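Let me begin by presenting the structure, written as structure tokens, before commenting on it.
The values are calculated or read from the model by the stated rules, or taken from the named source; none is laboratory data. Keep in mind the model is a prediction, meaning the values are calculated, not measured. Here the Cβ is made from the backbone with ideal geometry for all residues, glycine too, and neighbour counts use every protein chain on show.
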Amino acid sequence: MNTVRALWAFALLATASYAQALNVTTPGLLHEERSLYRNILVTERDGMRCMRFVVHDKPAHDQSCFAVADPRRLVFDYTQMLMATLLVKPEPAEILVVGLGGGSLPMAMHELLPKARITSAEIDPAVVKAAKRFFNYRENDRVLTITQDARVYLKRAVREGRRWDLIILDAFNSDYIPEHLMTREFLEEVKGALKPGGLVAANTFSASRLYHHESVTYEAAFPHVRMLLGQRGNRVLLAAADPFTLPTADEAAARWQARLAPYGVNVRALLAMQSPPNWDRKARVLTDQFSPANLMRR
Amino acid sequence: MHPHALQPLVFASAFVSGFVLMVLEMLGGRILAPWFGADVYVWGSIIAVFMLALSLGYLLGGRWSLQGVSLLRFGLIFLAAGALMLPVVAFAVPVMEAIFDLTDDPRYGSLMAALALFLAPSVAMGMVSPYSLRLLIRSRETSGASAGVLYFVSTMGSALGTLATSFYFVALAEVNQILGVAIAVMGANGLLLIALHRRMPTG
């Protein structure tokens, strides 16, 4: 009899602590979905709504966030840094964004450039759904979403004659890299998808030895590569087939500061992030034949 | 050569074949990804093709063992498997490009590419198992035990081939370099079996 009671007590206790553990790990949970690719969590706390991709028991990095009271502000350094593309390429008509997240970047670009056609390639339909439901991502005839592997989409689109003025690569998170999107051959396909004078901007890895391999891979595919290095360790590479220049701070501030201020972008600070190459040029280039990007982060 | 050396030789060969099969399968994902993505259906295509190939290989290998059994014929299976992997090295890109242009559905694209590139060599590797069994079996009493050890070594080879490729090989060498070594190993194994053919009774 005592044994039965003890078992009951244990079962109750176990259930209660399990339920509590679930609650404790995700305060402010708005949405949780296990997609084919990942676990997606949408949380809201301290006025900040975030999408994160969760690997069990690992601290998850936020993929995309916005402040509920100030939704236009781009919360992350690297998203602001990607806006630097507009300083180089002020009137892009065709923009391709690889990796949607919450869609804050295509939305900001659409507000700034209402005539530009912005296509986002995102492999995970659950991310697209969450972006629409929780992150004010809205499609229209200028804002389009393609739910497909970016490399397959790009290869097909190029064969059909599509080209872009601006291509933004933001498909990686810190937990998993689609390795076929980080090879010289992929970047050459990206280069081939650019219109004359087109520009590529990529949110890249700043830690681990992958930093060197990824950098030399961009240099192998593009004759012109420049780097913006953020204070918090984020890095954006700008790359192109044709030579390009960043404007002077005065010139850029006069033209862009007022327009970019609502997004939290400080144009002078952005331009001050320009840094000379500091990577190991002898690192091995990543190719379709050799692309152990995930293993290189160990 | 002592007749008792036959058993370890057959087990070692089955291990090699099981190992190389999974080297090819794991690299299959790398080979298809630039054209068809790294999606779950690409892995579905690859795994389905390897399973199909093994089932056909079992059937063919069993048939082939009816028409006489020798280390010469066993060795020829290894040479054929190695030779059939050569087109993966030489022609993977043009084959996938043609299939990419043929269909815009990456599910059937990846399935067709996996069939075109991986079916033939893995059928040959599937033939190794039943043929090995024919070489090993001496009596009805020991047949179950022989089959048990055979499946043990060949499946263990597959497990190790999977891990070695995904943990280490892809971080050390290019896909085609790894395939080149795998082809050389299959070829060497085949030539060894053929060289020992005269010196080892298999009746």
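Listed by position, the strands (runs of 3 or more DSSP E) contained in the stretch A:40-139 that have at least 1 residues being touching a Gly at 6+ places or on another chain (Cβ under 8 Å) and among the hydrophobic types (A, V, I, L, M, F, W, C) are A:48-54, A:62-67, A:117-121. The residue list A:K129, A:K155 contains one member that is within 11 Å of chain B (Cβ to nearest Cβ), more than 24 Å from A:M83 (Cβ to Cβ) and not aromatic (F, W, Y), which is A:K155. Applying the condition of being within 21 Å of B:Q67 (Cα to Cα) and buried (at least 16 other Cβ atoms within 10 Å of the Cβ) to the stretch B:179-196 and asking which residue is farthest from the other protein chains (Cβ to nearest Cβ) yields B:L196. Within the stretch A:282-298, the residues that satisfy the criterion of being modelled with pLDDT of 95 or more and more than 18 Å from B:I31 (Cα to Cα) are A:K282, A:A283, A:R284. For the stretch B:106-129, the set of residues classified as more than 13 Å from the chain's Cα centre (by Cα) and either modelled with pLDDT of 95 or more or among the β-branched types (V, I, T) (or both) consists of B:R107, B:Y108, B:G109, B:S110, B:L111, B:M112, B:A113, B:A114, B:L115, B:A116, listed by residue number. Of all residues in the stretch B:25-83, those that are within 14 Å of chain A (Cβ to nearest Cβ) and assigned to a helix (DSSP H, G or I) total 17. Selection of the stretch B:152-178 for residues being surrounded by 14 or more Cβ atoms within 10 Å (Cβ to Cβ) and facing chain A (nearest Cβ under 10 Å) yields B:S166, B:F169, B:V170, B:A171, B:A173, B:E174, B:V175, B:N176, B:Q177, B:I178. Has the stretch A:273-284 got any residue that is under 24 Å from the mean Cα position of the chain (by Cα), surrounded by 13 or more Cβ atoms within 10 Å (Cβ to Cβ) and without any contact (Cβ under 8 Å) to a residue 40 or more places away in the chain? The answer is no; no qualifying residue exists. Among the numbered conditions (1) closer than 26 Å to A:C65 by Cβ; (2) at pLDDT 95 or above; (3) of a type outside the set (A, V, I, L, M), the only one that A:H224 does not meet is (1). Comparison of A:D175, A:D141, A:D124, A:D165 shows that the only residue that is at pLDDT below 95 and away from chain B (no Cβ under 11 Å) is A:D175.
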